[in-house]
Amino acid sequence: MNEKPEILPRADGASIAYHRLAGEGPGIVFLGGFASDMTGTKAIALEAHCRRRGQAFLRFDYRGHGQSSGAFEEGSIGLWAGDAIAAIDALTEGPQILVGSSMGGWIMLLAARALPDRAAALVGIAAAPDFTPRMWEELPEEARAAIERDGVWRAPSDYSEEGLPLGRALFEGGPDQLVMTRPFAFPGPVRLLQGMEDPDVPWRTALEISEWIEGGDIAVTLIKDGDHRLSRSQDLARLSRTLDAVTADLRGEEEETS
């Protein structure tokens, strides 16, 4: 998995790193989580699964993440959603199944709204739309003061000794990208996988999303012992089965209308 990524240049000079797998449609696009990158367990497992099936697949890094250009603390939901929309538009063909993990679930919904003719199905994994206002309120007072004063605060992180830099743009831009404040009709399949022992996203969030989306083919799977990442072997197997079933549904619809 050390293969050098390809680069998608953005009009503003940013460079979006990606790996793309050619194959049959509908394609699958993986949208990673907050401060995650395209080398994570789920992204790599899905790519391997799609390779075995001969199905098209795309994974990429938002700017400020992984191998893409930019500073993480300068990013925002709108900026990262723009990266995702550009990647889907430029690097995929035909209908796509969008798979959003955690923050990627928010990006997934923004992309589906922006590209209604391309987003054929949505699969959320601990999807976390509209989280930045709550995140701001839950920050310590000194953290909010540091962000307002300095533009950035480093949150303690298990993955970085220096801490995770949370920037002003993330919180100032969040309200403009909220999705659950207005109706959203989606005609395709929607599948939401959610761990009930998730410390970051309350499991009831998946139910709220399912009630909010206007569509007839929406299903929620609650994993009683599941955590936030849902990256155990049994979780990955469940995700693969879910995607296979959604793919079969989409291909069946195409065959019936052709």
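The values are calculated or read from the model by the stated rules, or taken from the named source; none is laboratory data. Please read these numbers as outputs of a predicted model, since none were measured by experiment. Note that each Cβ is placed from the backbone with ideal geometry, even for glycine, and that neighbours are counted across all protein chains shown.
Restricted to helices (runs of 4 or more DSSP H) entirely inside segment 113-192, those with at least 3 residues that are among the charged types (D, E, K, R) and either surrounded by fewer than 16 Cβ atoms within 10 Å (Cβ to Cβ) or outside the structural domain of GLU214 (by TED's automatic domain parsing) (or both) are 132-138, 141-150. Tell me, yes or no, whether segment 43-61 has at least one residue that is over 23 Å from ALA112 (Cβ atoms) and among the polar types (S, T, N, Q). No: zero hits.
So which residues in segment 102-155 are hydroxyl-bearing (Ser, Thr, Tyr) and over 23 Å from GLU74 (Cα atoms)?
Looking only at segment 102-155, we keep the residues that are hydroxyl-bearing (Ser, Thr, Tyr), and these are 102, 132.
Those that are hydroxyl-bearing (Ser, Thr, Tyr) and over 23 Å from GLU74 (Cα atoms): none in segment 102-155.
Taking segment 193-220 as the range and being in a helix (DSSP H, G or I) and either among the hydrophobic types (A, V, I, L, M, F, W, C) or on the phi > 0 side of the Ramachandran plot (or both) as the test, the residues that pass are ALA206, LEU207, ILE209, TRP212. Taken over segment 70-93, the criterion of being β-branched (Val, Ile, Thr) and over 17 Å from ALA11 (Cα atoms) is satisfied by ILE77, THR92. Within segment 14-56, the only residue that satisfies the criterion of being of a type in the set (Gly, Ala, Ser) and without any contact (Cβ under 8 Å) to a residue 12 or more places away in the chain is ALA48.
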